Amino acid sequence: MTPQPAASASRAARTPAGTPGAPGTPPAPAAPAAGARRRPVQQRSQERYERLLDACAGLLDEVGTAGLTTKEVALRAEVPIGTLYQFFAGKEGLLAALAERNLTRFLDGLARRVAAADTGTTGTPVGVAAFTEHAVDEFVAMKRTVPGFGHLDFGLVDTVPAEVDDLHLLDAELDNAAVAARLRAIGGELFAAPGYAVALRVAMECADAVLKLAFRADPAGDPALVAECKRLLHRYLADPPPAG
């Protein structure tokens, strides 16, 4: 579940004050998504932008990364090819923007799961076991239901075409350290110990390997391997790790 080459493992509901999007913090200017030339502002442009990403995701399921072309994406989205190039420099930029959208959806979905559990009947905040279960469940659910996610979750999963440099699918700020920081924000006090900054990065690498194996064994995700992924993460993260 990492944004790296061949990777397969949001904004937090409990974002720390002082970070963009936190209560009482002025919203930061919208920056272009990874791979995008510019972020659309007008509603019509926003709709076209999202249609292009949706078309890209749908075509990935049909033809894979190697068969994907900007011409077909524009045709499927019913958008002039010139409009596509207003938003994206090319195929690499399109895939990078889709990868970032997938990452944001995953982190937002995880934040909702954790927030819903925290406000449940017990009123007890989720522990490490529940948090890791929610994280794996959200990723698996997206893998099963989100178009294109089987080929491109947060980075390319299938064979990389020569013209696409998947080392740069996501912006440098969305590397493992940044994603780990967002996960810590969602977990709140659960991952407050300094050592979790590294431990969450390691956990994502481990989850990535096991979940990749689970979906190779079964297109829907092998239940036994998914369960082992949860057990691995829980046991590894259960005790506060020493600070680096």
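Any read-out appearing in this document is the output of simple, stated calculations on the displayed coordinates, not a laboratory observation. Since the structure is predicted, the reported quantities are computational estimates derived from the model, not experimental observations. Quick reminder, even Gly has a Cβ in these numbers, built from the backbone with ideal geometry, and neighbours come from all protein chains shown.
Give me the net charge for the shell around Ala135: Cβ to Cβ below 11 angstrom, other residues only, Lys and Arg +1, Asp and Glu -1.
Details: positive: Arg113, Lys230; negative: Glu133, Asp137, Glu138.
Summing Lys and Arg as +1 and Asp and Glu as -1 gives -1.
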Using a Cα-Cα cut-off of under 16 Å, which lysines could be cross-linked to Lys212, ignoring same-chain neighbours fewer than 8 residues away? Lys143, Lys230
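Express in nm, to one decimal, how much length is gained between Ala238 and Asp118 on full extension, taking 0.36 nm for each residue of separation and deducting their alpha carbon distance.
Numbers: separation 120, 0.36 × 120 = 43.20 nm, distance 1.83 nm.
Separation in residues times 0.36 nm, less the Cα-Cα distance, equals 41.4 nm.
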Among Tyr196, Gln86, Pro147, flag the residue with its Cα farthest along the positive direction of the charge dipole of the stretch 43-237, charges on Cβ as +1 for Lys/Arg and -1 for Asp/Glu. Tyr196
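With +1 assigned to the C-beta of every Lys and Arg and -1 to the C-beta of every Asp and Glu, and no other charges, what is the dipole magnitude of the stretch 71-130 about the Cα centre in debye, to the nearest 20? Intermediate results must be reported in sequence, preceding the final value.
Values: 7 positive and 6 negative charges, 18 e Å.
It comes to approximately 80 debye.
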Magnitude of the charge dipole, the stretch 180-244, Cβ model with Lys/Arg +1 and Asp/Glu -1, debye to 20: 100 debye
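Which shape class, rounded, prolate or oblate, goes with the stretch 43-237 when its Cα gyration tensor gives a ≥ b ≥ c as root eigenvalues, a/c under 1.5 marks rounded, and past that a/b bigger than b/c marks prolate? Mind dumping the intermediate values first?
Numbers: a/c = 2.03, a/b = 1.77, b/c = 1.14.
Since a/c reaches 1.5 and a/b is larger than b/c, the shape of the stretch 43-237 is classed as prolate.
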Only Lys, Arg (+1) and Asp, Glu (-1) charged, at Cβ; the stretch 43-237 dipole about Cα centre in debye: 380 debye
